[in-house]
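*Asks:* This is the structure I have questions about; it appears just below.
Quick note: the coordinates plus some simple rules give every number you see, no bench work behind them. Just so it is clear, the model here is predicted, and its values are computed rather than measured. Cβ sites come from the backbone with ideal geometry, for glycine too, and all protein chains shown count toward neighbours.
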Amino acid sequence: MSEPLSRPPFGRFGAQPLAQLLPRGADSLTLGLVLAGFALLYLPTWWGLAHTVWPTDEQGHGPIILAVSGWLLWRRRDALAALPAQPATLSGTVLALLSLLLYVFGRSQSIWLFEVGSQVTMMLALALLFRGWAGARLIWFPLFFLLFMVPLPETLVAAVTTPLKSAVSQIAEQLLYVLGYPVARSGVTLFVGQYQLLVADACAGLNSMFTLEALGLLYMNLMQHTNVARNVTLAILIVPISFVANVVRVMILVLVTYYAGDEAGQGFVHGFAGMVLFMVALTLMFAVDRVLQLIFRGSSK
Amino acid sequence: MNPRRRAAIFFGGSVLASGLSMALVPQRKIADRNPIGKLDDLVPAQFEGWAIDHSIPMILPAPDVQAKLDAIYNQLVSRTYVNGQGERIMLAVAYGGDQSDGLRAHRPEVCYAAQGFATRNLQDGQLALPGRNIPVRRLVATQGGRIEPITYWMTIGTHVARTGLETKLAQLRYSTRGLIPDGLLMRVSNISRDEPKSYRLHDAFMNGLVAAMPAQERWRLVGGEPGSAA
């Protein structure tokens, strides 16, 4: 403790006794049992996700969501431990039993929605059982955030993706046409010059919409924006923002193909367009947030 | 109750749930008990005025699409039939011995759209077979000047399923009993601008095809009790 400021943060982190990583004042046996039980249930789930769903485009954000939720929870560890124990035993027990049922059914019948979804309700149940409603209120955001890692049922994804993809292709085509490019479209196939491009599922933007929505919520949470109306407005506006960003991505790919050929459009530029998507979307999101700030500050005067 | 006791009970519950979820995972494939044999032989090559049209060169899917198909289906039959009036029908039968979550038959309204076709008029229909109707889906896929009315359905074990949800529910009927069902996707289509006429042609074609199969094997394509005449 003689020279805490001159040390790099990781050095300090490593030098901390283990006890400081854990919630202050918590009973280690209780904590150990709860963590062990939770790990027993959900380590296999994360392992399974890591080998099936996470490597795909649709759920690439899964591990990040899990890590961020974990970090957000960990940040609240002391506050959680400091809360007086006023357990909501009945609600907690019912919810915990339901979560276990959901888990057993989902895991044995391979229904990700149930299996992964149950970890959110299980954490809520644990908060209720050990701390009560105040505890649940304290960790509601990390739990809500965790919902973004629940893989959606394929049926739903397919039902939303197809029309979304058509809309993205249609608008990209119209805009390029107005700009004077020789484009035509049939379904989700775009023709430009002598080239033909198929708008892939990933370009429908359902996944990027989810990732952006998660990022937006995280941003609001970390910025500690407290105006509910403003936060809700921003959360809703992220949907059209990500749609616009996807149209931009498709247009960029069409233009790259038009000027530089098929190879370029399919090569590294494809991944690069994905980056552009997020840059466009995040820029738009921050811009919209600034505007909302002005509007809501104005209205609160 | 003190927190340690609570934590111990939770831990016990977790051990129980974890064990239970492992014990309840379906293990037995019904395909092993009742193997389908060669799909190529099961689907009649010739019946009631229809025969395989060898004049149409088989268009093979792109390698990446083929790799995806191989991963999903164990057996795939894809043929064009022609009748005396020169009408042509394209038939695709895809069979998967393990219809668990990862290996689900892909529905045409999704897979055609994903390959650049525009799809429209997706509707539920009935295919009338002697003695019963089976639920089917119909849609029209277009790409440029190619207009392709499609009739399709899926079987999960002995059940016929139309939508993704129906498929999942049919699958659950097996998996909750520890069984892994097999599944099959039947797709009948032709190139025509006349939708109602095309669908009547599909129905007539299927009736002929099913009638030409041994009665105890028909259920594999159109569902129903194994061994019963459909």
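*Asks:* Which far-off residues, 5 or more places away or on another chain, put their amide H under 5 Å from the one on B:K29, with H placed in the peptide plane?
*Replies:* B:I180
*Asks:* Mind listing the long-range amide H neighbours of B:V160? Cut-off is under 5 Å, sequence gap 5 or more, other chains count too, H placed in the peptide plane at 1.01 Å from N.
*Replies:* Those lying under 5 Å, H to H, from B:V160 are B:G224.
*Asks:* Toward the positive end of the charge dipole of chain A, about the Cα centre and with charges on Cβ (Lys, Arg +1; Asp, Glu -1), which of A:I236, A:L175, A:F278 goes farthest?
*Replies:* Final value for the positive-end residue is A:I236.
*Asks:* I've got another one for you. Where in chain A are the DSSP H helices whose alpha-carbon span along the long axis reaches 30 Å or more and whose Kyte-Doolittle mean is at least 0.5?
*Replies:* Helices meeting the span and hydropathy rule in chain A are A:28-51, A:154-178, A:228-260, A:268-300.
*Asks:* Out of A:W74, A:T30, A:F114, whose Cα points farthest toward the positive end of the dipole of the protein assembly as shown (charges: +1 Lys, Arg; -1 Asp, Glu; placed on Cβ)?
*Replies:* Projecting each Cα onto the dipole axis, the largest value belongs to A:T30.
*Asks:* Rounded to the nearest 0.05, what FRET efficiency do A:A85 and B:L172 have when you use their Cβ-Cβ distance and R0 = 35 Å?
*Replies:* 0.30
*Asks:* If you place +1 on the Cβ of every Lys and Arg, -1 on the Cβ of every Asp and Glu, and leave all else neutral, what size is the dipole of the protein assembly as shown about its Cα centre, to the nearest 20 Debye? Could you put the intermediate results ahead of the total?
*Replies:* Numbers: 43 positive and 33 negative charges, 355 e Å.
Its charge dipole is roughly 1700 debye.
*Asks:* For chain A, take N as its residue count and report Rg(C-alpha) divided by 2.2 N^0.38 Å.
*Replies:* 1.21
*Asks:* For region A:60-162, build the convex hull from the C-alpha positions and give me its volume per residue in Å³.
*Replies:* Taking only Cα atoms, region A:60-162 has a hull volume of 98 Å³ per residue.
*Asks:* Which FRET efficiency, nearest 0.05, do B:Q143 and B:A211 yield, Cβ-Cβ r, R0 45 Å?
*Replies:* After rounding to 0.05, the efficiency reads 0.85.
*Asks:* So if we plug the beta-carbon distance of A:L98 and A:A67 into 1/(1 + (r/R0)^6) with R0 = 25 Å, what FRET efficiency do we get, rounded to 0.05?
*Replies:* 0.40
*Asks:* To continue, here is another question. Per the Kirkwood formula on distinct C-alpha pairs, the Rh of region B:152-210 is how many angstrom?
*Replies:* 13.0 Å
*Asks:* Out of all Cα-Cα pairs in the protein assembly as shown, roughly what percent, to the nearest whole number, are more than 38 Å apart?
*Replies:* So the pairs more than 38 Å apart make up 44 percent of the total in the protein assembly as shown.
*Asks:* Which log10 I(q)/I(0) values, to two decimals, does region A:152-295 give at q = 0.11, 0.14, 0.20 Å⁻¹ under the Debye formula with one point per Cα?
*Replies:* Treating every Cα as an identical point scatterer, log10 I(q)/I(0) equals -0.46, -0.70, -1.15.
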